């Protein structure tokens, strides 16, 4: 067992984990963060995308011990309790989901994309999301949602209500 200490969605956590435990397994099984989805287990689909120190990573490709001493943000920690992040609101308003399986990872990747490029073109959005797969939507509404969130000034960890007023 290995001892890890990290911050997850703003809360300090400390645990003993198997050195081979994946971050996605730790988040879901130990912390109950089931919004982080296990998709392919091969880092191809992006459903498990979270932020590690503010950057998107596929948590099925990161060991929990590698997150030791770092900050992890999951879809559950993206906004303040009781509110939606501007990206979550945009996905809702633009109907950017169907089954919803890819949505948490797609949102987390989209937020990271806007942190790097607050006003991306359609091509830049499509390229920025190419590591996240959706089998249902055809991506058109996802691209529209990212454009809407960009227009609202979406940034990491700010609820939609704050961004709409700004």
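The values are calculated or read from the model by the stated rules, or taken from the named source; none is laboratory data. All values derive from a computational prediction rather than experimental measurement. In this analysis, Cβ positions are derived from the backbone assuming ideal geometry, glycine residues included, and neighbour counts consider all displayed protein chains.
General observations
- For region 96-129, the set of residues classified as surrounded by fewer than 14 Cβ atoms within 10 Å (Cβ to Cβ) and more than 18 Å from residue 75 (Cβ to Cβ) consists of 116, 117, 118, 119, 121, 122, 123, 127, listed by residue number.
- For region 28-48, a residue qualifies if it is under 19 Å from residue 80 (Cα atoms) and buried (at least 20 other Cβ atoms within 10 Å of the Cβ), and the qualifying residues are 33, 36.
- Residue 28, sole failed condition from (1) out of contact with any strand residue (DSSP E or B) (no Cβ under 7 Å at 6 or more places or on another chain); (2) modelled with pLDDT of 95 or more; (3) at positive phi: (3)
- Search result, residues across region 128-142 that are assigned to a helix (DSSP H, G or I), within 17 Å of the chain's Cα centre (by Cα) and over 11 Å from residue 87 (Cα atoms): 128
- Any chance residue 147 is at pLDDT 95 or above, over 21 Å from residue 74 (Cα atoms) and within 18 Å of the chain's Cα centre (by Cα): yes
- Number of positions in region 16-42 that are without any contact (Cβ under 8 Å) to a residue 24 or more places away in the chain and touching a helix residue (DSSP H, G or I) at 6+ places or on another chain (Cβ under 6 Å): 3
- Every residue from region 114-127 that is closer than 21 Å to residue 54 by Cα and either in contact with a strand residue (DSSP E or B) (Cβ under 8 Å, 6 or more places away or on another chain) or assigned to a loop (DSSP other than H, G, I, E, B) (or both): 117, 118, 119, 120
- Taking region 7-27 as the range and being more than 17 Å from the chain's Cα centre (by Cα), surrounded by 13 or more Cβ atoms within 10 Å (Cβ to Cβ) and within 22 Å of residue 80 (Cα to Cα) as the test, only 13 passes.
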